[in-house]
Amino acid sequence: MIKPANLYLQYKSQKKEIDKAILKIISNNSFIGGDEVKKFENNFKKRIGSRYCVACGNGTDALLASVKSLGFKSKIKNEVITTSHTWFSTASAITNAGGKVIFCDTEKDSYNISVNEIEKKVTKRTSGIVIVHLFGQPAQIEKILQLANKYKLWVIEDCAQAHFIKKNKKYLGNFGHIGTFSFYPGKNLGAMGDAGAIITNNKRLRNLCIMHLRHGGQRKHEHLLEGLNSRLDGLQAAILNIKLRKIDTWNKKREIIAKEYLKNLSNLSAIKLPISNIKRNAHGFHQFVIKAKKRDELRKFLYSKKINTLIHYPKILPFVPAYKYQKNKKKEFPNSLKNQRLVLSLPIYPELKIKEVRYISRMIKKFYKF
Ligand SMILES: Cc1ncc(COP(=O)(O)O)c(C=O)c1O
């Protein structure tokens, strides 16, 4: 079976180094905190070009601590605008931080939040915007920042799917007030368990994020507020330090795979390919998402040919049960609702072989009798 991602193959390529690092952590008893965590925070911030990096337990906590640190204009001016098409955490972090989620439709083909729609949703009660660079495709971050400046809003970039992807020569995550990352195993940079991080250039925000992630203090036994207990463990940090060395190579491999899909499937009118500007390195291809006619039949057919695909995501957030209370109206989300019925994520990971990409492409053509 061709899997959506194959992490064992990735481990095999660095087995010696990873095994050695794990043994070292165990023999040094540095399971929580320690040198590897500090090293990772330093490595990550240097590589990505931010002033500060705070590691934490996962990407969800990174978002939650960021929203809490940026805060709200007042108890009732607590609206935060975010995209309808994303993973659940992007929205739940807002509510869990005490805010009110305001969902916004997406652009038709990039799947990212629509700048025009954001402006329609801004009110006197809006405090901030959480954007996502979905599937590794940069959102229109410069225009979003202009809008944020106009209305005095903060911006968080959820970069869980966009590690080390540049827009106009700057890595994503450095545009807004805070950038958040998940190192969930299947991400472009993935740990061997849960892990996450926050980046920012603002010292005050960095200190607040630390407090929100570490029981309310910068140091042990300091509890200035009721924070989370969210930290990167030593094992994950050691693994991430090793994997970080390869992120550019792996992103390049994803790009080569994406180019092969784009070449093989370009004449097929039944599917819409991801829009990309590979020349400017403007897509991280965390997922290679097509829009497919007869999507569910195609998915079943591919499965019968030993190709496992995924759907990101089966239901857009305004209509999942957790947000039923918002009574969201379908007519406000035309693009994301339509995309929800069509999107299909084809296997993509650095170790996927070109001959497998060709086989997958052939099977898609076969299904459509092309
Ligand atoms: C867009 C987005 N935001 C946030 C997260 C949450 O990250 P984590 O699973 O590390 O909590 C994910 C993870 O899938 C994600 O894809």
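Quick look at the numbers
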| quantity | calculated |
| --- | --- |
| Region 313-327, subset surrounded by fewer than 19 Cβ atoms within 10 Å (Cβ to Cβ) and not aromatic (F, W, Y), residue farthest from W87 (Cα to Cα) | K327 |
| Residue match in region 4-24 (condition: more than 16 Å from the ligand (Cβ to nearest atom), touching a residue at least 24 places away in the same chain (Cβ under 8 Å) and more than 28 Å from P350 (Cβ to Cβ)) | no |
| Members of region 161-183 that are more than 11 Å from the chain's Cα centre (by Cα), part of a strand (DSSP E or B) and of a type in the set (F, W, Y) | Y171 |
| Leading residue by the ranking (surrounded by the most Cβ atoms within 10 Å (Cβ to Cβ)) among those in region 299-312 that are within 26 Å of the chain's Cα centre (by Cα) and either of a type in the set (S, T, N, Q) or part of a loop (DSSP other than H, G, I, E, B) (or both) | T309 |
| Of all residues making up region 137-170, the number that are under 18 Å from R47 (Cα atoms) and either surrounded by fewer than 24 Cβ atoms within 10 Å (Cβ to Cβ) or of a type outside the set (D, E, K, R) (or both) | 12 |
| Count of residues meeting criterion [over 21 Å from F333 (Cα atoms) and in a strand (DSSP E or B)] in region 129-160 | 4 |
| Test for K369: is it at pLDDT below 95 and basic (K, R) | yes |
| Odd one out for V80 among (1) touching a strand residue (DSSP E or B) at 6+ places or on another chain (Cβ under 6 Å); (2) within 13 Å of F333 (Cα to Cα) | (2) |
| Of all residues in region 176-188 being within 16 Å of the ligand (Cβ to nearest atom) and surrounded by fewer than 21 Cβ atoms within 10 Å (Cβ to Cβ), the one that is nearest to A5 (Cα to Cα) | G186 |
| The lone exception for V132 - which of (1) surrounded by fewer than 24 Cβ atoms within 10 Å (Cβ to Cβ); (2) within 19 Å of the chain's Cα centre (by Cα) it fails | (1) |
| In region 132-156, the residues that are at positive phi and of a type in the set (K, R) | K152 |
| Yes/no for N42 being surrounded by fewer than 19 Cβ atoms within 10 Å (Cβ to Cβ), of a type in the set (S, T, N, Q) and at negative phi | yes |
| Every residue from region 329-344 that is touching a helix residue (DSSP H, G or I) at 6+ places or on another chain (Cβ under 8 Å), surrounded by fewer than 18 Cβ atoms within 10 Å (Cβ to Cβ) and closer than 29 Å to F301 by Cβ | R341, L342 |
| Complete set of residues in region 58-98 that are away from the ligand (no atom under 16 Å from the Cβ) and at negative phi | S69, L70, F72, K73, S74, K75, I76, K77, N78, E79 |
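Okay, residues lined up against (1) assigned to a helix (DSSP H, G or I); (2) within 21 Å of the chain's Cα centre (by Cα):
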residue	(1), (2)
P318	yes, yes
S336	yes, yes
P350	no, yes
E356	yes, no
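The values are calculated or read from the model by the stated rules, or taken from the named source; none is laboratory data. Worth saying up front: this structure is predicted, and the values here are computed from it rather than measured. Here Cβ is always computed from backbone atoms with ideal geometry, including for glycine, and neighbour counts include all displayed protein chains.
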